[in-house]
Amino acid sequence: MLRLRLFKYRLEIHATVLLLALFVLDSGLPGAGVVAWVAAALLSIIIHELGHAVTVDMVGGEVEAITLYALGGLTSWRGPSRGWRRFVVAAAGSLSSIALALVLFALVKQNVFGEFADFVIETPWTVYLGNAVAAGDWAVFFLATFIWVSVVWGAINLLPIGGLDGSTMLAQVIDKVIPGRGDFHAATIGMAVAIGAGILLYQRGYTFAPIIFLVFAGSRLLQVLRQPPPPRPPG
């Protein structure tokens, strides 16, 4: 594991980040395209985790480390374990990367990056990377990939699927209604959402994403089921 400093935070880069290349290795991209895609995805993940970390500081917590893995990142921190602070920290990651991507998209539409970028990036979720590859314009390719990954992956991460930030956010909301049961109900709902999303994606020809959703949700549900039950309220 590679350990660096990212501003004031300890950054750990796990060897599995190399697996990011698996998303595009079968796409026929040349080596420069694979490198640009992985770099854009990593930058998006870093922005996401910085959103968590900065928000932790704002709510009075203490960041221990930011770790980058193949399928995302993890910001480890000490501080309030439940309630609105946890909700805000969980939401801040995706909102940070999505906000930056939307700012960049607005600049694209103002032709700040040139007419070709405007042609390649139709919407934040509709990008024509093949046109950038054909033109050999790897700067536009990188920009389009960053915007797409930040918006699409950021939105997915807000889904209430176990292992994603949306599940953490849902748990805090449920805890307000059923104290001490937020994690269990969020994990159960997350499993149902993962199954539904997995079926929908599989019907559309996707195979990797449904597996990831089910692994994340199943792992979180098993983790919660192994936890001791919350103490009964007195009386």
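The values are calculated or read from the model by the stated rules, or taken from the named source; none is laboratory data. A quick note: this is a predicted structure, and the numbers were derived from the prediction, not measured. Heads up, the Cβs are rebuilt from the backbone with ideal geometry, glycines too, and the neighbour counts pull from every protein chain shown.
Tell me, which helices (runs of 4 or more DSSP H) lie completely within the range 35-142 with 2 or more residues that are touching a residue at least 24 places away in the same chain (Cβ under 8 Å) and over 29 Å from Phe213 (Cβ atoms)?
115-120
Taking the options Gly162, Gly154, Gly166, Gly79, name whichever one is in contact with a Pro (Cβ under 6 Å, 6 or more places away or on another chain), within 24 Å of Ala53 (Cα to Cα) and not aliphatic (A, V, I, L, M).
Gly166 is the lone residue from the list that is in contact with a Pro (Cβ under 6 Å, 6 or more places away or on another chain), within 24 Å of Ala53 (Cα to Cα) and not aliphatic (A, V, I, L, M).
Between Gly163, Gly190, which is closer than 28 Å to Ile46 by Cβ, part of a helix (DSSP H, G or I) and at pLDDT below 95?
Step by step, each of Gly163, Gly190 is checked, and only Gly190 is closer than 28 Å to Ile46 by Cβ, part of a helix (DSSP H, G or I) and at pLDDT below 95.
So, in the range 22-34, how many residues would count as being hydrophobic (A, V, I, L, M, F, W, C) and either assigned to a strand (DSSP E or B) or closer than 23 Å to Pro124 by Cβ (or both)?
So the answer is 4.
For Ala41, state whether it is in the same structural domain as Trp148 (by TED's automatic domain parsing), touching a helix residue (DSSP H, G or I) at 6+ places or on another chain (Cβ under 6 Å) and of a type outside the set (D, E, K, R).
yes
Taking the options Gly196, Gly180, name whichever one is outside any helix (DSSP H, G or I), assigned by TED's automatic domain parsing to the domain that holds Val224 and either touching a residue at least 40 places away in the same chain (Cβ under 8 Å) or over 18 Å from Leu71 (Cβ atoms) (or both).
That would be Gly180, the only listed residue that is outside any helix (DSSP H, G or I), assigned by TED's automatic domain parsing to the domain that holds Val224 and either touching a residue at least 40 places away in the same chain (Cβ under 8 Å) or over 18 Å from Leu71 (Cβ atoms) (or both).
Against the condition in contact with a strand residue (DSSP E or B) (Cβ under 8 Å, 6 or more places away or on another chain), assigned by TED's automatic domain parsing to the domain that holds Leu29 and not aromatic (Phe, Trp, Tyr), how does Ser96 come out, does it pass?
No; evaluated as a whole, the condition is false for this residue.
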